[in-house]
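Presented below is the structure to which this report refers.
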Amino acid sequence: MLAFKIRGWAAWAPGLESEAAWRAWAAGGAGQSTSEPAGASATAVPMLLRRRVSPLGQAALRCAWGLPDAARARIVSASRHGEFGRTLSILDALCTGETVSPADFTLSVHHALTGLLSIAQSNRNGHTAVAAGPESFESGFIEAVACLQERPAEPVVLVYYDEPLPSPFDRFDTEAGPTLAMALSLSSEQGESFLLGTGTADEGAPPPESPGLAFLRFLLTEQPQTSWRGARRQWHWRRLAEAA
């Protein structure tokens with residue numbers, strides 16, 4: 001299993017936009033709406049940056065913006081579909097003979113959000129984009145931890161964001177999870193200690209909760225461990241007790 005520490009987190013979903021709301025949800029209660037992602041710094045993302053991205057992209061950027069080490073960390077973004085609305089807009093324009101929006105064309109690539117984030121924060125440490133179907137969150141997570149193992153002195157920020165596909169493409173998205181944006185600041189030196197491991201997936205009914213939400217519930221309720229079964233792999237997270 002791979003060891004890592006979490007220095008900070010931030011998350012956003014419709015109706016779950018404050019730390020209190022997320023903790024109430026994790027404990028089995030209902031969320032309440034506010035304006036900023038839970039766990040995020042009060043520092044606002046610059047207006048010029050916000051205007052260029054979709055609402056989901058804005059939420060992902062806000063989640064990452066105020067995390068510890070965000071301006072100097074290696075960034076790993078994970079998303080199954082990315083900002084699919086931009087790709088759909090390009091396809092619609094091509095079908096109707098209209099001019100493709102330069103902004104949609106520029107920002108339709110899968111790593112566009114993290115590229116904007118790194119430019120805005122003058123972060124030259126590089127970024128990686130991961131798209132791995134229904135297991136995009138876990139695959140991005142293991143990529144982030146692997147980066148940390150490779151260079152322990154360099155922190156890593158994992159940014160995850162996704163939303164269901166719009167009609168008529170939703171019929172192909174049989175394993176769609178809820179709309180969610182989150183970011184985690186991972187370190188080898190500071191923060192709460194965890195282990196990440198994988199194994200062969202057992203057969204059975206699909207898990208009732210998306211992997212991102214399952215991990216947030218584990219993180220916020222201080223469970224000792226949790227697992228999530230994907231189509232090919234079983235993913236395990238374990239919380240390590242701190243030495244007295």
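The values are calculated or read from the model by the stated rules, or taken from the named source; none is laboratory data. Please read these numbers as outputs of a predicted model, since none were measured by experiment. A quick note on method: Cβ atoms are made from the backbone with ideal geometry, for glycine too, and the neighbour counts reach across all protein chains shown. Keep in mind that these areas ignore ligands, DNA and RNA; they rest on the heavy atoms of the full protein, side chains included. Shrake-Rupley method; radii C 1.70, N 1.55, O 1.52, S 1.80 Å.
Per-structure values
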{"read-out": "Qualifying residue in segment 170-193 (condition: touching a residue at least 40 places away in the same chain (Cβ under 8 Å) and aromatic (Phe, Trp, Tyr))", "value": "no"}
{"read-out": "Residue in segment 136-152 that is crowded, with 19+ Cβ neighbours inside 10 Å and among the hydroxyl-bearing types (Ser, Thr, Tyr) present", "value": "yes"}
{"read-out": "Residues of segment 1-33 classified as in contact with a helix residue (DSSP H, G or I) (Cβ under 8 Å, 6 or more places away or on another chain), open to solvent by less than 60 Å² (accessible area, probe 1.4 Å) and at pLDDT below 70, total", "value": "1"}
{"read-out": "Residue identified as open to solvent by 40 Å² or more (accessible area, probe 1.4 Å), assigned to a helix (DSSP H, G or I) and in contact (Cβ under 8 Å) with a residue 24 or more places away in the chain among Ala60, Ala64, Ala71, Ala103", "value": "Ala103"}
{"read-out": "Filter result (assigned to a loop (DSSP other than H, G, I, E, B) and either open to solvent by less than 30 Å² (accessible area, probe 1.4 Å) or at pLDDT below 80 (or both)) within segment 169-204", "value": "Asp173, Thr174, Glu175, Ala176, Gly177, Ala201, Asp202, Glu203, Gly204"}
{"read-out": "Counted residues, segment 106-137 - those being within 18 Å of the chain's Cα centre (by Cα) and part of a helix (DSSP H, G or I)", "value": "13"}
